[in-house]
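No value in this document is a laboratory result; all are computed from the given coordinates. All values reported here derive from a predicted model rather than from experimental measurement. Here Cβ is always computed from backbone atoms with ideal geometry, including for glycine, and neighbour counts include all displayed protein chains.
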Amino acid sequence: MLSLCQHGYESLLERELTGAGLAVTEKGVGWALCGSDLGRDESLVSTLPQGQLAQLAFPSLVLPAPREFKGESVNALAAQLADFFLESLRGERIDAAWPCVFQTVPEVVGLGRRASGVEKAFDELLRKKLSRIAKLAGPELPRGAGKARGLFVFFADFGRMFAAREAWLGGQRRMADDDAAPSRSYLKVEEAYIVLGREPAADETVVDLGAAPGGWSYSAAKRGARVIAVDNGPLKGGALNHPLIEHRLEDAFKFAPPPGVTYDWLFCDLVEEPHHVMQNIVGPWLAHRWCRRFVINLKFGHVDSLALLKEIATPDSPFAKHATNLRIRHLYHDREEFTVVGETNP
Ligand SMILES: C[S@@+](CC[C@H](N)C(=O)[O-])C[C@H]1O[C@@H](n2cnc3c(N)ncnc32)[C@H](O)[C@@H]1O
C-alpha cells in the first residue's frame with residue numbers, strides 16, 4: 001500500500017500508519033510504502049474506507065495495491081504503463097469520464113517535467129490503441145474523499161513510478177487563491193469544504209471563532225452566508241465592511257448563541273492549545289448542538305500530534321460523542337495543524 005502526504009510530514013505519516021497496524025517498509029519525499037500483506041489486495045479499498053482508511057489524517061492519496069515500474073526513459077515508463085493499463089481493462093467497460101492522474105512531489109526539482117513527459121507519451125499510446133477511452137480521460141483527481149477508480153500514477157523518482165487502478169482519496173487538494181481573501185487561511189476552509197462534501201450556502205448562518213483577519217468569514221460570505229466573525233483583532237481585505245459579515249469584538253471562549261438558536265456552521269481557527277479548544281469550545285458547541293456542521297482547526301505545534309489524533313477519535317471525545325461524518329485531515333494547506341470537519345448528531 002502506498003500513501004502520499006504533504007512533504008515534511010513523512011515521519012508523522014509513518015507513525016500514523018504504524019499505529020493503524022501497518023508496517024512501513026520504505027519511505028521517500030512525500031510518500032510511504034507499507035508491507036505486502038495488505039498491499040496485494042485491491043478489494044481492500046472497498047472495505048477499508050468506512051473504517052481504517054477514512055480515519056487516517058495524513059494520507060492525501062492511498063494506492064492499496066500499487067504496481068511498481070522502473071525505466072530509464074520516458075518512453076520505457078510510458079510503454080510499461082500502457083501495458084499495465086490495457087491489461088487491467090480486460091472485461092471493463094468505460095463509458096464515462098475517468099481520472100487519469102499523474103502525481104509527483106513538487107519539492108523534487110524536475111520530477112514534474114518527467115511525469116508530464118510520461119503522461120503525454122502514455123496518452124499517445126492509449127489514443128493509438130483505444131482512442132474512445134483515451135478521450136474520456138481527465139487529469140484531475142475526483143473531488144471529495146473516498147474510493148475512486150481510474151489510473152493513478154505517482155513518481156517516486158525519475159526512473160521509478162507506482163501505478164494503480166484504484167485509489168482512496170483523503171479529499172486534500174491545492175486550492176485556488178482569491179485576491180480579495182485577507183489571509184492564506186482562506187485556502188484551508190475552502191479545502192475543508194471538499195473533505196466534508198458540503199459548503200456554506202446563501203442564507204445559511206456561520207459563527208467564525210478566531211475570525212481575523214477574516215479569510216474563513218470571507219469564504220462563507222462570498223457564498224451568500226451570513227457570518228458572525230468573533231475576534232478582538234481587525235478584519236481586513238474582502239472581509240472588512242462586508243455586508244454579510246458582522247464583526248464582534250468578543251472572546252471566542254465566552255461566545256454562545258442566544259437560547260434556541262442553532263447556527264448552520266461553526267468555524268473555529270484559534271491559535272490556542274488544542275485541548276483547551278476541545279474542552280471549552282468543541283465540547284459545548286457539539287453537545288448543545290449550537291451548530292449543524294463544523295470546520296475546526298486544531299494546532300498541534302506544541303503537542304504530540306499522534307496522541308492528539310487518538311484523543312479526537314477516542315469514544316469520550318466531544319467529536320466522537322456528538323458528531324457524524326467526522327473527518328480529521330492534515331490538509332494540503334495545513335501546517336502544524338489538523339482540520340476536523342463533520343456534522344452534529346441530530
Ligand atoms: C489563525 S488566526 C485566524 C485566521 C482566520 N481563520 C482567517 O481565515 O483569517 C487566529 C485568530 O484567533 C484569534 N483569537 C485567539 N484567541 C482568541 C479568543 N480567545 N477569542 C477570540 N479570538 C481569538 C486571534 O486574534 C487570531 O486573529
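Below, the figures for the structure above:
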quantity	calculated
Mean separation of Cα contacts under 8 Å (6+ apart) over length of region 186-344, as relative contact order %	22
Thr339, Thr324 arranged by Cβ crowding within 10 Å, fewest neighbours leading	Thr324, Thr339
Percent of beta bridges antiparallel (DSSP, the chain, rounded to nearest 5)	60
Acute angle (nearest 10 degrees) that the helix 10-19 long axis makes with the longest principal axis of the chain, alpha-carbon atoms	90
Where Cα atoms sit under 22 Å apart: lysine pairs in the chain separated by 8 or more or lying on different chains	13
Cα centroid separation, region 287-346 to region 230-258 (Å)	22
Using alpha carbons only: equivalent-ellipsoid semi-axes of region 186-344, gyration tensor based, whole Å	23, 17, 15
Whole-number percent relative contact order across the chain, with pairs defined as alpha carbons under 8 Å at least 6 apart	14
Average Cα contact separation per residue, region 224-267, under 8 Å, 6 or more apart, as relative contact order %	41
If the convex hull is drawn through the Cα atoms of the chain, its volume per residue in Å³	146
Restricting region 73-123 to chymotrypsin sites (Phe, Trp or Tyr not before Pro) in coil, as DSSP defines it, with at most 15 other Cβ within 10 Å	none
Average projected area [Cα convex hull, region 58-194], square nanometres	9.4
Within region 186-344, percent of DSSP bridges classed antiparallel, to nearest 5	40
Among Pro259, Pro234, Pro139, residue whose mean-square fluctuation peaks in a GNM of the chain (springs only between Cα atoms under 10 Å)	Pro259
Helix 111-129 vs. the chain, principal-axis angle (Cα, 0 to 90°, nearest 10)	60
Simple Cβ-charge dipole of region 2-169, Lys/Arg +1 and Asp/Glu -1, about Cα centre, in debye nearest 20	580
Spin-label pair Thr324/Glu72, simplified geometry with 7 Å Cα→Cβ offset, distance in nm	5.9
